[in-house]
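Contents: one structure, followed by commentary.
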DNA sequence: GGTGGATGCGCACACTGTACGCAGAACGAA
DNA sequence: TTCGTTCTGCGTACAGTGTGCGCATCCACC
């Protein structure tokens, strides 16, 4: 070994005591996985890439995570932790709380569109601590609003299912756009010929397309669409509550 | 070449004219892919396995399908084709049609739980012929019900989003159960300790769990839960229609 | 100084999607 | 009949995947 290759002996170069600051931890791994997923998408998440992103070998991760499936469960619960729901005390406050909570869920999905493709395969996501916390909070809101215990759960499932369904569709759309590297409007423009061909023989959708072409702000359109369905669901729940 | 290895010359042994009946076709490939997905789940779908299931090499499939992603788009549209929606003519017939349609979608998802994990990644599924047909049909129902043209689309999205969201959750649950090889009840039983541990410190969910334990028929429970949210959504839409 | 447990890593295995180029069969034209 | 041309299927190959196994290293404690 030449003299240049010998490790420099100094307090500053000596490796840190590992027990104080282990090089890897489950929390770090999960956080880096989320970052990787956000930046590069769901296909880019491999144990090797995640390992090198953490300056570690791929198999080192297995000391902190049982396998890839478990990592994915952790990652899903992690982003659920970003959701906030207000208390919703006060009269009719439940509805405002539901709106804020629903939009918080949607915002999370749009920030992390890859969750949409994982929700259908992660079976026990509701056991994660963050999901438990979210559910408990929502149950509190709906119970104090006056929903009987067994119905509160159904009501929450209804709202959350709607949000997840709409979010899944939006996320799939946004993911394909992101892969193209274009803006949403440019992408829609480029897609137009194919769409116009597809709507041949479908008069209602042809008319819909004609209306859509006049619109120019796809983001506002999606916002309004989301809000419409949410309002209808909450109308239905409110009517039931006043029955 | 020994005499046993020589091909037997006869009308019956002579290979069929290939142009009349190509050994592989896109429709056959897609149908077999659906079968494979139903039986073995989404992880089992690889080009090689699909090829051998069709008595063909893996790369032969690429003559009829551009790549794996395209195959998945085709497969998703294929199962959308199983959905039926009644006409819904007559007074208030739209609501009955919506219920039947929604339950048809849910049944499809429960028959093919793997779609749930694909819906979040297939961006342009709505361009598929079967999805177009379904949308057109639904639009017809809602427009004749009295929804103005631009609102009909939002209303349909609302209902379908709810169904997809609930279906996704159910499918994820059923997929994990299927992987365990147990019945839904046995699985829930085996999961109970973990759930009881998880609900510590979450009083509402603890109470919910206590109620759930008394119940014995998980299938009926899921059916009712689905129907509850669907009814609330349709209530909200109906109120809007009568406004 | 010794011991025991935790941690990271290199290797290996079976498997994946798919690009490439070849072989044979069917067809239209000469 | 014979010659391209086109279509179809396949074998090989390459880069990349999840992960089981065993080794080397380090820390805390006796």
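The values are calculated or read from the model by the stated rules, or taken from the named source; none is laboratory data. On a predicted model such as this, the values are computed, not experimentally measured, just so you know. All Cβ positions, even for glycine, are placed from backbone atoms using ideal geometry, and neighbour counts span all protein chains on display.
Report, by residue number, each residue of the range B:98-119 that is closer than 20 Å to residue A:115 by Cα and free of Cβ contacts under 8 Å to residues at least 12 places away in the same chain.
The answer is none; no residue qualifies.
So residue B:178 ticks every box in (1) modelled with pLDDT under 95; (2) over 17 Å from the mean Cα position of the chain (by Cα) but one. Which box is left unticked?
With (1) modelled with pLDDT under 95; (2) over 17 Å from the mean Cα position of the chain (by Cα) applied to residue B:178, the lone miss is (2).
Have a look at B:129, B:148 and point out the one that is under 28 Å from residue A:192 (Cα atoms) and out of contact with any helix residue (DSSP H, G or I) (no Cβ under 9 Å at 6 or more places or on another chain).
Going through B:129, B:148 in turn, just one is under 28 Å from residue A:192 (Cα atoms) and out of contact with any helix residue (DSSP H, G or I) (no Cβ under 9 Å at 6 or more places or on another chain): B:148.
Which one is surrounded by the most Cβ atoms within 10 Å (Cβ to Cβ) among residues in the range A:102-122 that are more than 8 Å from every other protein chain (Cβ to nearest Cβ) and more than 8 Å from the chain's Cα centre (by Cα)?
In this case the residue turns out to be A:102.
So which residues in the range B:100-118 are in contact with a helix residue (DSSP H, G or I) (Cβ under 7 Å, 6 or more places away or on another chain) and over 30 Å from residue A:43 (Cβ atoms), if there are any at all? Walk me through how you get there before you give the answer.
From the range B:100-118, those in contact with a helix residue (DSSP H, G or I) (Cβ under 7 Å, 6 or more places away or on another chain) are B:101-102, B:105-106, B:108-110, B:112-118; that's our starting set.
Hits for the range B:100-118 are B:101, B:102.
Considering every residue within the range A:25-33, establish whether at least one is near DNA strand D (Cβ under 10 Å from one of its atoms) and assigned to a helix (DSSP H, G or I).
Step one: of the range A:25-33, the residues near DNA strand D (Cβ under 10 Å from one of its atoms) are none.
For the range A:25-33, residues near DNA strand D (Cβ under 10 Å from one of its atoms) and assigned to a helix (DSSP H, G or I): absent.
Which residue is nearest to residue B:25 (Cα to Cα), if the candidates are limited to the range B:37-67 and must be within 14 Å of chain A (Cβ to nearest Cβ) and more than 8 Å from DNA strand C (Cβ to nearest atom)?
Only one residue fits best here, namely B:37.
Of the residues that make up the range B:133-142, is at least one closer than 28 Å to residue B:67 by Cα and surrounded by fewer than 20 Cβ atoms within 10 Å (Cβ to Cβ)?
The first filter runs over the range B:133-142 and keeps only residues closer than 28 Å to residue B:67 by Cα, leaving B:133-135.
Okay, now just the ones that are also surrounded by fewer than 20 Cβ atoms within 10 Å (Cβ to Cβ), so B:133.
The answer is yes; a qualifying residue exists.
Pick out the one residue from B:11, B:99, B:75 that is surrounded by fewer than 18 Cβ atoms within 10 Å (Cβ to Cβ), modelled with pLDDT of 95 or more and either over 27 Å from residue B:177 (Cα atoms) or within 15 Å of DNA strand C (Cβ to nearest atom) (or both).
On the way: B:11 fails: modelled with pLDDT of 95 or more; B:75 fails: surrounded by fewer than 18 Cβ atoms within 10 Å (Cβ to Cβ).
None of the others qualify; the one that does is B:99.
Which condition number in (1) crowded, with 21+ Cβ neighbours inside 10 Å; (2) at the interface with chain B (Cβ under 9 Å from one of its Cβ atoms); (3) over 26 Å from residue B:130 (Cα atoms) is the one that residue A:168 fails?
(3)
What are the pairs with Cβ atoms under 6 angstrom where one residue, in the range B:21-38, is under 14 Å from residue B:56 (Cβ atoms) and the other, located anywhere, is at pLDDT 95 or above and loosely packed, with under 14 Cβ neighbours inside 10 Å? Sequence gap at least six, or different chains.
Sorted first by the residue in the range B:21-38, then by its partner, the list stays empty.
If you scan the range A:141-158, which residues turn out to be at the interface with chain B (Cβ under 8 Å from one of its Cβ atoms) and under 23 Å from the mean Cα position of the chain (by Cα)?
If the condition is that a residue be at the interface with chain B (Cβ under 8 Å from one of its Cβ atoms) and under 23 Å from the mean Cα position of the chain (by Cα), then A:153, A:154, A:155, A:157, A:158 are the ones that fit.
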